[in-house]
Amino acid sequence: TRFRLLPKSAEAIRLLNRSDYLAVLVTNQAGVARGYFHEPLIQKVHAKLQELLAESDAHLDGIYYCPHHPNVGEPPYRRVCECRKPKPGMVEAAQKDLNVDVSRSWVVGDKHSDITFAHALGMRGVLVKTGYGAGEIEQWSATWKEDPEKIANDLLDAVHWILSDE
């Protein structure tokens with residue numbers, strides 16, 4: 001796969017692993033429903049992610065993804081589901097599987113929709129400037145109805161801030 005980690009991401013996850021926090025990935029992957037790639041590719045990318053993290057003595061405690069889209073693609077991937085963010089299905093699965101305490105949890109994401117998702121489920125949110133983040137801030141921040149608890153340069157900056165808040 002062409003997958004690669006952003007700089008400092010493994011260090012950020014390693015810091016979480018050494019704290020009382022779990023590191024859990026929750027991601028919409030509607031590219032499956034859209035026909036851009038097949039579901040086994042997601043599993044291959046997630047395995048590569050865990051492999052790259054392990055090289056830095058880090059790991060994700062859980063990985064949850066939604067391959068669905070409510071109105072694009074063919075069944076079984078075109079459907080309204082409970083797992084597609086902003087719905088709570090993936091977080092509920094993490095709660096069940098990993099005993100996640102949502103009231104103490106944070107969402108770190110690169111889209112403002114990640115922040116509204118966090119707040120809707122009783123979590124706090126950090127928006128990172130990496131990925132889509134800088135563009136989201138530049139284009140849309142004036143229209144946000146709710147702000148993230150923090151805007152961070154990257155995942156490592158977000159993790160440092162979250163850990164210092166505790």
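The values are calculated or read from the model by the stated rules, or taken from the named source; none is laboratory data. These figures come from a predicted structure and were not determined experimentally. Surface areas here come from the heavy atoms of the whole protein model, side chains and all, with no ligands, DNA or RNA. Shrake-Rupley method; radii C 1.70, N 1.55, O 1.52, S 1.80 Å.
Starting from the exponent 0.38 and prefactor 2.2 Å, build the expected Rg for the chain from its residue count and divide its actual Cα Rg by it.
On the way: Rg = 15.8 Å, N = 166, 2.2 N^0.38 = 15.3 Å.
That ratio works out to 1.03.
Of the solvent-accessible surface of the chain, computed with a 1.4 Å probe over protein heavy atoms with every protein chain present, carbon and sulfur atoms account for 50 percent. The residues of the range 70-166 have, on average, 58 Å² of accessible surface per residue, using a 1.4 Å probe with all protein chains present. Normalised by the number of residues in the chain, the mean separation of alpha-carbon contacts (under 8 Å, six or more apart) gives a relative contact order of 19 percent.
Within the same chain, lysines fewer than 8 places from Lys150 are excluded, and of the rest, those with a Cα less than 16 Å from its Cα are Lys111, Lys129.
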